[in-house]
Amino acid sequence: MASDDRWLERLRLELAWLTGQPLLRSRGVGAILRFERVRPHQRGAFQPLRQSEITPRFLDRAIRALKRWDYDFLGMDEVCRRAVTLPEKRRFVALTFDGASKDLISHAYPVLARHAVPFALYVPTAFPDGVGEAWWLGLEQVIARESRISLMMGDKEQRFNVTGNAEKQALFSHLENWMRSLAPSDLSAAIADLCTRYRIDLAALSREASMDWEDLARLAADPQVTIGSATVNYPNLANMKDTAALREMTMGKAVTEASFRREIRHLAFPFGDRSSFRRAHVVMAEEAGFASAVSTISGIVDAEGRTNLRALPRISWDGRLRSLRMMRVLVSGVVFAPVKPTASITS
């Protein structure tokens with residue numbers, strides 16, 4: 001079903017391109033692009049997180065293309081300004097990266113620095129501290145290595161036999177969705193149980209995949225880089241009590257500000273889809289002192305205050321696509337409905 005959805009989405013974008021809509025008209029004033037991992041192409045049939053990855057070569061091609069299309073590259077402070085003022089002649093794009101992956105400084109930063117474009121990085125502070133749990137990577141490794149998998153789901157042990165790639169992909173999707181639905185303490189217990197059974201060192205895996213504070217200090221010294229917060233532990237805020245969710249926001253901000261001795265003005269909601277945060281969290285972002293908060297809800301940014309700065313939409317680029325035509329369709333905004341007000345976010 002997921003592959004069918006991707007095919008239909010690509011067909012929709014191709015049709016928009018063939019009709020010439022992105023060249024003739026646009027919607028909104030700009031777009032915020034979201035990326036996660038940037039690294040060279042990985043071999044292997046089982047890559048359930050491939051949609052969250054792009055190659056350094058594609059990043060380079062995308063930046064070159066956006067320059068040819070006469071987009072202004074903006075930092076998040078300027079995005080906030082343009083979202084509340086009259087539309088300007090040129091459209092903008094903002095590049096954002098979630099998760100503080102080690103790959104960013106190894107593979108993405110050389111490309112970004114060479115092009116001298118601004119970008120924002122949203123940091124979950126537990127990860128550079130070395131105590132964050134990249135549970136999705138642990139889950140990926142277990143399923144990649146094993147053909148028979150058992151784990152406790154609630155109060156019952158479940159067993160799965162997965163031999164082919166399609167079965168492994170389906171199991172990853174099933175378990176990822178289940179883990180995303182858990183409260184943080186239950187999620188931590190579930191992934192600890194799974195990794196212990198199959199001898200995966202989740203702590204080491206998480207540290208290896210994440211930047212440390214020294215890496216981040218190098219990026220923070222670049223005036224083109226905006227350091228933002230992605231809370232402390234990168235939890236699904238919708239699965240937490242409001243007091244705990246607000247503490248994640250305020251503590252993430254405080255730790256990052258103390259580390260870099262600067263105000264941290266911008267937040268990324270962890271995961272950022274409609275099931276991971278509520279209207280109450282949008283209000284909390286303002287209470288915590290953030291000038292903006294980005295989601296992963298698809299859309300473009302409008303002007304004159306029509307887009308809520310603490311529920312900003314982003315275009316999450318699917319790393320399985322290599323088409324710059326598709327990117328041009330998306331950043332034009334023609335395939336998106338007008339941005340809905342905050343009140344439309346489900347509570």
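The values are calculated or read from the model by the stated rules, or taken from the named source; none is laboratory data. Note that the coordinates shown come from a computational prediction; the quantities given were computed from them, not determined experimentally. Glycine also receives a Cβ, built like all others from the backbone with ideal geometry; neighbour counts cover every protein chain displayed. We work out accessible area using only protein heavy atoms, side chains counted, and drop any ligands, DNA or RNA first. Shrake-Rupley method; radii C 1.70, N 1.55, O 1.52, S 1.80 Å.
Just a few scattered comments:
- Net charge over other residues, Cβ less than 13 angstrom from the Cβ of Leu187 (K, R count +1; D, E count -1): -3
- Summing Cβ point charges (Lys, Arg +1; Asp, Glu -1) relative to the Cα centre of the chain gives a dipole of roughly 1220 debye.
- Note on the chain: Kirkwood radius taken over Cα pairs, Stokes-Einstein applied at 37 °C and 0.692 mPa s, translational D equal to 157 µm² s⁻¹.
- Sorting Thr250, Thr196, Thr96, Thr296 by solvent-accessible area of protein heavy atoms yields Thr196, Thr250, Thr296, Thr96, largest first, with a 1.4 Å probe.
- Sparsely packed loop sites in the range 174-264 (the trypsin sites (Lys or Arg not before Pro) outside DSSP H, G, I, E and B with at most 15 other Cβ atoms within 10 Å) comprise Arg199, Lys241, Arg261, Arg262.
- Only lysines eight or more places from Lys102 in sequence, or on another chain, were considered; those with a Cα closer than 28 Å are Lys67, Lys168, Lys253.
- Of all the options Thr256, Thr243, Thr125, the one that moves most in a Gaussian network model of the chain with Cα springs shorter than 10 angstrom is Thr243.
- Prolate/oblate/rounded label for the range 181-285 (Cα gyration tensor, a/c 1.5): oblate
- Solvent-accessible surface ranking, highest first, for Thr163, Thr226 at 1.4 angstrom: Thr163, Thr226
- 17 Å reach of a label modelled at Thr163, 7 Å along Cα-to-Cβ, counting backbone N of the range 171-213: 171
- One Cα centroid belongs to the range 48-110, the other to the range 277-299; the line between them spans 20 Å.
- For GluC sites (Glu not before Pro), the sites in the range 193-287 that DSSP calls loop and that have at most 16 other Cβ atoms within 10 Å are Glu263.
- What a 1.4 Å probe finds exposed on the chain is 50% carbon and sulfur by accessible area, rounded to a whole percent.
- Note on the chain: GNM, Cα springs under 10 Å; of Glu157, Glu140, Glu88, the largest mean-square fluctuation is that of Glu157.
- Loop-resident sites, the range 23-97, for trypsin sites (Lys or Arg not before Pro), counting at most 13 other Cβ within 10 Å (DSSP): Arg25, Arg43, Lys89, Arg90
- Using a simple spin-label model with pseudo-atoms 7 Å out from Cα toward Cβ, Ala170 and Asp186 lie 2.5 nm apart.
- Sites Asp70 and Arg320 - FRET efficiency at Förster radius 41 Å, r taken between beta-carbons, to 0.05: 0.90
- Shape of the range 196-252, Cα gyration tensor, a/c cut at 1.5: oblate
- Prolate/oblate/rounded call for the range 121-251, Cα gyration tensor, a/c under 1.5 rounded: prolate
- Charge-dipole axis of the chain as Lys and Arg at +1 and Asp and Glu at -1 on Cβ define it, positive-most pick from Ser206, Gly228, Gly130: Gly228
- In the chain, the calculated helix contribution to ellipticity at 222 nm averages -12500 deg cm²/dmol per residue, counting -39,500 (n - 2.57) for every DSSP H run with n ≥ 4.
- For Glu286 and Leu49, a Förster radius of 41 Å and the Cβ-Cβ distance give a FRET efficiency of 0.80, rounded to the nearest 0.05.
- Here Met76 sits with roughly 0 square angstrom of accessible surface, probe radius 1.4 Å.
- For the chain, the solvent-accessible area of protein heavy atoms averages 46 Å² per residue (probe radius 1.4 Å; ligands and nucleic acids excluded).
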